Amino acid sequence: MTRMRLRTTRTALWLASASLVVMGCSGSVRSAPEPTPSPEEPAEQPAAVSEELPPAAVSVPGLDTVRAGRFDNGKMWTFEYPPLEYFSETYEFAPDSAWFARARLGALRIPNCSASFVSRHGLVMTNHHCARESITQVSQPGESLLDNGFYARSLDGERPVEEFYADQLIDIVDVSAEMDSALGGITDEAQLAQAREEATAEISYQIAERYGGEEAGVLVETTALWNGARHSAYVFRRYEDLRLVMAPHGKVAFFGGDPDNFTYPRYDLDMSFYRVYDEEGEPLQTDYYFRWSQTGVDDGDAVFVIGNPGGTNRLQTIAQLEYRRDVQEKTVIDFTDSRAAALQAYYDEHPDIGEELDLRNAIFSLQNSRKAYEGMWGGLHDPVTIAKRRDSERHFREAIEADSALNARYGGLLDRMASIQEQKAEWQAELSAFVALGNPDYESTLLVRALNGFIYLIQRQRGVPEESLSDLKDELLSLDDQPLELQLALLTARLNDFQQYLGATSPTAVSVLQGRTPVEAAESLLAQSILIDSASTAAALDEGTLTLEDPALQMVGAFIQRFANFQVTQGGLDEQEQAVAIELGRARFEVYGTTFPPDATFSLRIADGVVRGYEYNGTIAPYYTTFYGMYDRYYSFGPGSDWDLPEHWLSPPETFDFSTPLNFVLTADIIGGNSGSPVINSDLEAVGLIFDGNIESLPGDYIYDPETNRAVAVDVRGILEALDDVYDADRLVLELTAGTLVNTEEEADRIRARR
C-alpha cells in the first residue's frame, strides 16, 4: 500500500517529480529559463518513453453528460475540520470533541506508515510490510525473521529497533492568520517562496517551544491545507524507544505475493506489533488506545479509518493529469521495471548476499510501486474518470469567471498551468533518462561516487576552500561498497536509459558509450575507475590522485551539462507549477470552503465508510474472507507458489477455527501512508487493520469513487485467532482481550488456564 521514495544524493538534488514520492517536496520559486541544449551538443529530439502503447481510450457514448461526483475529492477529513453534519445525516452518529480527542490520541504515525495503540501498556499495532526493515534489523545471526516470524515470549525478549519512532498528534493549532500576515504584500514568486519557508520554520519553532521543544520530545510540523488556503501546526509527541513484539511468517503476511497485491478477495495476515517504552525503560502507560473488539464487523457497519494518508493530488488540473498520463507515470513504471529486474536477477544468483543487503525489501518496494503507478496510469486513460474531473474543473472555472473579484485575482491560472505542462513535456526524454539519478537505493555505487567526485573536483578547481567541501567529501567516502555484479547490473541499467531515451546516436549516448554496448561500457568503467571501492576512493582523495581523467568521471562529464540544463529548467517549471497550484488552492477554498477535504499530507485524517462488498470481474466480492479461503488458495496453487504456506501453518491445532473472518473490505478513502491504520467503530474499538486497497482504488491519487474503491483490512478476529491458536501468543492475547500485561508466556499460560 506504500509507494517508494526515490531519494537522491546531494549531487542530484532534483527528483523526477514531487509526486513520485509519498510526500512531495517544495522548493524556492524562480523563473525557469527556456529549454536549451548543452553548449557542446546540438539539440536532440526526445525519444519515445516506450514502444509499448498506452491503454486505448474506450469509446463511451454520452461522455458530455458525465458529471462530477459529490465525493470526487475524497473523504480524508482533517480533525480540525470534521464534517459533523455529514456524519450525523449519513450514520446518525454525532461524535463529540472527547470522541475525536480519543481517536486522535490513540493513533500514531511511524516513519513510513500509520499505527495505533491497542492497549494501555504501549502496545502498538501496524502492518508487517511497514515493519519489514525493523524485522530485518533485529534479526540475529542465523535467524531469518522476515521468513520465519518473531514472537517475544517475555517482556525482556522484546527487541529494540534502532532509529525508529512513533509520533502522537497531541494538538492542532490554526496558524492561517500568522502565515497570511507573514506573506502579505509579497508578489514576487521567488521572494514569496522564501518567505513561506521562513515563516513555516519560525511558526513551527515558536509553537514547539510552547510545548517544551525537543527536550520534552515535542516536534511541530506546519502544514499547508488546500494548497495553502489554510495552515495548521501539528504538535507531535515523539516516542523513540520502540521494540518489536511480534511479526508473523513472511508468507502469511504477504500471502499471494505480488499477484494478489492491490486486489481483493484477499487472505493476508499483514500485521505486526511493537511496544513503546518510556524514559525509564518501562512499557509506556497510556489512557489513549483502541480497545479490541470482540464482535468485529458486519455487512453495512459504519466504520472509521484513523491514519496518515501520505499524499493525494485531487486538486490537480486536467492539464496536470494529462501530463501525468502522457509522460510521468509511464516513466516511473519503466524505471521500476528496470531496477526491480536488475535487483531480482542479482538476488536469484546470490541470495545470501542479497539478504545481507536487504534486497528483498528493495525489490518489494519497487514491485509495490510499479503496480500502484500502473493502476494510476490506467485510470488516467479512463474516459469517465477524466470526464468527471473535466466537469469539476469547468464548474470551478465558471465560478471564478462569474465573480469579478475572484476573476481579477485568479482568472487565467488554469491556462497558465496548462502552459507549464506543455513546457515540461518537452523534456520527456531527459525525464526518462535521468529519473532518480544518484539515488543510492537504485544506482550503482560507482556512479554515485562519480557524481559526487565530479562536483567535488569542479568546486575545488573553482577555488572553493577545502573546509567548505567537507560535507561533499564525507558523502563521497560514506557510501558502502556494492558487490561487483550488482554494480554491473545497476550501471548497465542506467546506461541503457541513456541509450534508449536520449537516442543511440545522440551526442550524449555516443560520448558515454564510445561505440560500446551499455554492458560493455559498464564493465570497462568498473574495471578502470579508481572509484570502484571505498578503500581506493579514500586513498585517491588523501593522495590527491583523483582527477577528471578517471573514466567514471569522464562518463559523468559526458552527460552532466545536459542533466544540469534539465535539472535547472525542470526545477524552475516545478516551482512555477507550485506557485500556480497554491493560488488555485486558495481560489478553490474561496469557492467551496471546507465542503471537501484537503489533499492528504501524511498528517492525521479520519476517513468514514461502511463495510461492503462490490461487483467485480462479472461476479461479487464478499465483504469478508476466512481462513478457509487461505487454505483453498494454498491447495489450489500448491507449494512453491505465491500462495505457499509455511510449514508451521500446515498443521494447525484442532482448536483452530477456519471459518474465522480474516480480511474484509470497506468504502473508506485511503492511500499510501494509510497502511497500518486502525479501523474503528463508533465505540472506539479496533475492528480491523488497513493494509491495502483494491485495484479499483489506485486512481485514488486524483479521484475517489465510493462505488468501486475499497480499502482492504485484516479483521481483528483473524488476528486474534492466529495469535491464539497458531502462534500460541498468550501474552498478547491476554493483553488485547483483558488489558493484562504479564512478563512471560508461562505466566500468561497459567492465567489463561485459570479462566
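Here are some notes:
- Cβ pairs under 8 Å, 6+ apart, first in the range 499-517 and touching a residue at least 60 places away in the same chain (Cβ under 8 Å) and under 18 Å from Ile560 (Cβ atoms), second of a type outside the set (A, V, I, L, M) and crowded, with 21+ Cβ neighbours inside 10 Å: Tyr501/Glu430; Tyr501/Ser432; Leu502/Glu430; Leu502/Thr508; Leu502/Arg562; Thr508/Phe498; Thr508/Phe559; Thr508/Arg562
- Residues being more than 17 Å from Gly217 (Cβ to Cβ) and hydrophobic (A, V, I, L, M, F, W, C) - total across the range 162-190: 9
- Test for Glu214: is it free of Cβ contacts under 8 Å to residues at least 24 places away in the same chain and either farther than 28 Å from Ser116 by Cβ or surrounded by fewer than 15 Cβ atoms within 10 Å (Cβ to Cβ) (or both): yes
- Enumeration of residues in the range 659-682 that are free of Cβ contacts under 8 Å to residues at least 60 places away in the same chain and within 23 Å of Tyr91 (Cβ to Cβ): Thr667
- Checked across the range 141-159, the condition of being free of Cβ contacts under 8 Å to residues at least 12 places away in the same chain and closer than 20 Å to His648 by Cα holds for at least one residue.
- Checking each residue in the range 500-536 for being buried (at least 17 other Cβ atoms within 10 Å of the Cβ) and closer than 22 Å to Asp334 by Cα picks out Gln500, Tyr501, Leu502, Gly503, Ser506, Thr508, Ala509, Val512, Leu513, Pro518, Ala521, Ala522.
- Count - residues of the range 91-132 that are open to solvent by 10 Å² or more (accessible area, probe 1.4 Å) and either in contact with a strand residue (DSSP E or B) (Cβ under 9 Å, 6 or more places away or on another chain) or of a type outside the set (Gly, Ala, Ser) (or both): 17
- Test for Leu406: is it more than 31 Å from the chain's Cα centre (by Cα) and in a helix (DSSP H, G or I): yes
- Long-range neighbours under 6 Å by Cβ, at least six apart or interchain, first residue within 14 Å of Val252 (Cα to Cα) within the range 618-635, second of a type in the set (A, V, I, L, M, F, W, C): Thr626/Leu662; Phe627/Phe658; Phe627/Leu662; Tyr628/Phe658; Arg633/Trp643; Tyr634/Trp643; Tyr634/Leu645
- Within the span defined as the range 588-609, one or more residues are open to solvent by 20 Å² or more (accessible area, probe 1.4 Å), among the acidic types (Asp, Glu), over 18 Å from Thr312 (Cα atoms) and modelled with pLDDT of 95 or more.
- Of all residues making up the range 703-734, the number that are touching a strand residue (DSSP E or B) at 6+ places or on another chain (Cβ under 6 Å), of a type in the set (D, E, K, R) and in a helix (DSSP H, G or I): 1
- Given (1) touching a residue at least 24 places away in the same chain (Cβ under 8 Å); (2) of a type outside the set (Ser, Thr, Tyr); (3) buried (at least 21 other Cβ atoms within 10 Å of the Cβ); (4) part of a helix (DSSP H, G or I), number of the condition Gln482 does not satisfy: (4)
- Of everything in the range 376-417 that is of a type in the set (Gly, Ala, Ser) and farther than 26 Å from Thr65 by Cβ, the residue that is surrounded by the most Cβ atoms within 10 Å (Cβ to Cβ) is Gly411.
- Count of the range 181-199 residues which are in a helix (DSSP H, G or I), open to solvent by 40 Å² or more (accessible area, probe 1.4 Å) and of a type outside the set (Gly, Ala, Ser): 6
- Scope the range 675-700; condition more than 25 Å from Leu380 (Cβ to Cβ), over 15 Å from the mean Cα position of the chain (by Cα) and either among the polar types (S, T, N, Q) or open to solvent by 10 Å² or more (accessible area, probe 1.4 Å) (or both); matching residues: Asn681, Ser682, Asp683, Leu684, Glu685
- Among the residues of the range 735-750, the ones that are part of a loop (DSSP other than H, G, I, E, B) and either of a type in the set (Ser, Thr, Tyr) or open to solvent by 40 Å² or more (accessible area, probe 1.4 Å) (or both) come to 3 in all.
- Residue in the range 431-445 that is part of a helix (DSSP H, G or I) and within 27 Å of Ile703 (Cα to Cα) present: yes
- The range 347-368 residues that are closer than 18 Å to Ser444 by Cα, paired with ones that are open to solvent by 40 Å² or more (accessible area, probe 1.4 Å) and part of a loop (DSSP other than H, G, I, E, B) (beta carbon under 7 Å, 6 or more apart): Ala362/Asp441
- Scanning the range 336-375 for residues that are more than 24 Å from Leu479 (Cα to Cα) and open to solvent by less than 50 Å² (accessible area, probe 1.4 Å) returns Asn368, Ser369, Lys371, Ala372, Tyr373, Gly375.
- Condition broken by Glu329, with the remaining ones in (1) without any contact (Cβ under 8 Å) to a residue 60 or more places away in the chain; (2) over 30 Å from Leu414 (Cβ atoms); (3) among the charged types (D, E, K, R); (4) buried (at least 23 other Cβ atoms within 10 Å of the Cβ) satisfied: (2)
- Filter result for Thr601 (among the hydroxyl-bearing types (Ser, Thr, Tyr), over 28 Å from Gln421 (Cβ atoms) and not in a helix (DSSP H, G or I)): no
- Residues in the range 134-161 that are assigned to a helix (DSSP H, G or I), open to solvent by 30 Å² or more (accessible area, probe 1.4 Å) and touching a helix residue (DSSP H, G or I) at 6+ places or on another chain (Cβ under 6 Å): Thr136, Asp147.
- Those strands (runs of 3 or more DSSP E) of the range 208-324 in which at least 2 residues are over 23 Å from Leu666 (Cβ atoms), considering only elements entirely within it, cover 218-225, 230-239, 242-247, 272-276.
- Options Arg237, Arg230, Arg243: the member that is under 17 Å from Thr136 (Cβ atoms), open to solvent by 10 Å² or more (accessible area, probe 1.4 Å), charged (D, E, K, R) and out of contact with any Leu (no Cβ under 7 Å at 6 or more places or on another chain): Arg243
- Residues within the range 658-671 that are open to solvent by 10 Å² or more (accessible area, probe 1.4 Å) and within 18 Å of the chain's Cα centre (by Cα), tallied: 2
- Glu178 satisfies every condition listed in (1) crowded, with 21+ Cβ neighbours inside 10 Å; (2) in a helix (DSSP H, G or I) except (1).
- Answer residue from the range 252-276, given it is among the aromatic types (Phe, Trp, Tyr) and more than 27 Å from Leu242 (Cβ to Cβ) and is surrounded by the fewest Cβ atoms within 10 Å (Cβ to Cβ) among those: Phe262
The values are calculated or read from the model by the stated rules, or taken from the named source; none is laboratory data. Here the structure is a predicted model, which means the values were calculated and not measured. Cβ coordinates were reconstructed from backbone atoms using ideal geometry, including for glycine residues, and neighbour counts include every protein chain displayed. For accessibility, only protein heavy atoms count, side chains too; no ligands or nucleic acids. Shrake-Rupley method; radii C 1.70, N 1.55, O 1.52, S 1.80 Å.
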